[in-house]
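K.L.:
Quick one: this structure, given as structure tokens, is what I'll be asking you about.
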Amino acid sequence: MAARLATPTGRAQYRQRSALVEPGFAQIFQRFGRHLNYRGRQAVDAEIKLLGTVHNINKLINHTLKKHS
């Protein structure tokens, strides 16, 4: 990973990730907390996907309401 980030392309991609991905994680953690309720790989995967889906649906609803008002 360090070798990949040492290249100009790697740095640019990492900057893009921080602008696109990290705010979504921060918003999910702020709303739902940093602790998961389930244990085990499949259960945790399902819970994270559910939280992400709820987060995205909420953003879609808020965007639609703002657009129609």
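The values are calculated or read from the model by the stated rules, or taken from the named source; none is laboratory data. It should be emphasised that the depicted structure is a prediction, and the values quoted were computed from it without experimental measurement. Glycine gets a Cβ as well: all are built from the backbone with ideal geometry, and neighbour counts include every protein chain shown. For the accessible areas, the whole protein counts, side chains as well, though only heavy atoms, and no ligand, DNA or RNA atoms are used. Shrake-Rupley method; radii C 1.70, N 1.55, O 1.52, S 1.80 Å.
K.L.:
Being of a type in the set (S, T, N, Q) and touching a residue at least 12 places away in the same chain (Cβ under 8 Å) is the filter here; which residues of segment 1-54 pass it? Before the answer, list the steps.
P.N.:
Of segment 1-54, the ones of a type in the set (S, T, N, Q) are 7, 9, 13, 16, 18, 27, 30, 37, 42, 53.
The answer is GLN27, and nothing else.
K.L.:
Are any residues in segment 6-31 polar (S, T, N, Q) and open to solvent by 70 Å² or more (accessible area, probe 1.4 Å), and if so, which ones? Step through it out loud before you land on a result.
P.N.:
Taking segment 6-31 first, the residues polar (S, T, N, Q) are 7, 9, 13, 16, 18, 27, 30.
Within segment 6-31, THR9, GLN13, GLN16, GLN27, GLN30 qualify.
K.L.:
Now a separate question. Just checking, how many residues over segment 1-31 are in a helix (DSSP H, G or I), among the polar types (S, T, N, Q) and more than 15 Å from the chain's Cα centre (by Cα)? Can you show your working first?
P.N.:
Applying the first criterion (in a helix (DSSP H, G or I)) to segment 1-31 yields 2-5, 8-20, 22-31.
The next check asks that each one be among the polar types (S, T, N, Q); those that pass are 9, 13, 16, 18, 27, 30.
Applying the additional criterion that residues be more than 15 Å from the chain's Cα centre (by Cα) yields 9, 13.
Residues in segment 1-31 being in a helix (DSSP H, G or I), among the polar types (S, T, N, Q) and more than 15 Å from the chain's Cα centre (by Cα): 2 in total.
K.L.:
Still on this structure: Condition first: open to solvent by 80 Å² or more (accessible area, probe 1.4 Å), under 12 Å from the mean Cα position of the chain (by Cα) and not aliphatic (A, V, I, L, M). Now tell me which residues in segment 32-67 satisfy that.
P.N.:
LYS49, ASN56
K.L.:
If I ask for residues that are farther than 18 Å from PHE25 by Cα, modelled with pLDDT of 90 or more and of a type in the set (Gly, Ala, Ser), which ones from segment 41-69 would you list?
P.N.:
ALA43
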